[in-house]
Structure formats: C-alpha cells, structure tokens
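Have a look at the structure below, then the notes.
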Amino acid sequence: MEDVKEPIAKKESELGIQDYLSIGYVFLLILGVLHETIYYKFLGINILEYSSILDVLISPVSVITGDLKLLIGLIISVILAIGYAKLLPNYYTWLSKKKKYQSGKKKEKLDKALNTFKTGSKQLIIVMIALYVIGGFVGFGVGRGGKTKKKIENNEIELTHQLTFDDGKIENIKMLGKNSLYIFFVTKNEKEVKIAPIDGNIKLITNLKEE
C-alpha cells in the first residue's frame, strides 16, 4: 500500500496589503512624533508633555498636511528612492561586464549583489523608500526648527494670527504650532515662546490678513 503524501502547506512568505498598511502607519506614526519632537526641541519645548494620545495618533497626518513643502519633499523622496532602487541593479549589471570584475573576489561580490537584487527587489524598494522618508522627516524637522528659532532670536517673526481670550483680551501672535490642548506662539519683539491652553482659555483664533 502506497503512503499517501499529505499536501505541503504553502508558506506565506509575503505580507498582505493589510500588513503593509499597518506597518506603514506605525512607521509614519514614529516619524511624525520624531519630526514634532525635533521641531519643538529647537523652541525649548518637550512636545510630548503637551500632547494627548489623539495628538500622537494623528501626528503623521498633521505633519504632512501642515507643511506643503514637506509633502512635496516626501513625494520627491519616494520617487527618487524608487528610481534609485530600480537603477542600482542595472548599474551592477553594467559593472559586472567590465573585464576587471569578471573574475576573482570582485566577480563573486557582484554576483552575490545581483542575486540579492533579483530575489529581494521589492524589499530593496521598501528599504530605499523608508530611508528617504526618514531623511525627509528628520531633515525638515531640523530645518524648520532651526529657521524658526533664528527668526525668533533676530526678532524677524511675522504675526500670523489673532487670539481672543475668554476674558476679552486680544493679542496678535506668530503661531508656532497647535494641537488639541495647547497653542504655541510668540508675540512681536519677544523671544520667549508662550504656551496657552485652548480649552476654557481661548475663545477665538483668527488668521491675520497679509498686508
């Protein structure tokens, strides 16, 4: 009697789209918090002390939609990352055709690299995108924070909003940031960053018209 071979279960080696979305959100969540932390650190603020759980959860969306330059920069970064990941294997293929790379250890290294590109092309693209996006978030956080700090120190701020407090007081300010609990701002000719709670304190926030 012949042994009946049980069918070998197919290995799930690839992640599903839901897995990629979940990992992508966690990745962006970490970068959003990192960007905010770096930016506010330049202003002498530990933003995590003034953030709610909701603020942390929506930080990626808040950061990306809050600065058009960052959004454009991230799109360009993703395009460059994909382009680089696509061109890299072609470069190694071209390099392997050179005489000095067709024998010895150099050939072994190139063959190994090309084999890695063939078997892990999707992973390479994901890694490249991740690296470029990390660079974008961190770079914009440092640049934005450093530029804002310099403007405050040099009294070069431009007033952007008007705050109306519950007690009737009105103040023109430069808004540096805002979340669900607090607003961060400076006033004209002052270098100290102020933090004001919104709930039960601020009645109205109005955009100032550009002159």
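Points worth noting:
- Amide proton proximity set for G177, modelled H, under 5 Å, gap of 5+: F184
- Radius 14 Å from Cβ of D166, net charge of other residues (Lys, Arg +1; Asp, Glu -1): -1
- Legend: calculated FRET efficiency, I79 to I205, from the Cβ-Cβ distance at R0 = 30 Å, rounded to 0.05, equals 0.25.
- Measuring against 32 Å, Cα to Cα, the residue pairs K86/K178; K149/K203; K41/K86 contain K86/K178; K41/K86 as the ones spanning a longer distance.
Bear in mind that the values in this text are calculations on the coordinates, not laboratory data. Not measured: the values here are computed from a predicted model. Backbone-built Cβ (ideal geometry, glycine too); neighbour counts: all protein chains shown.
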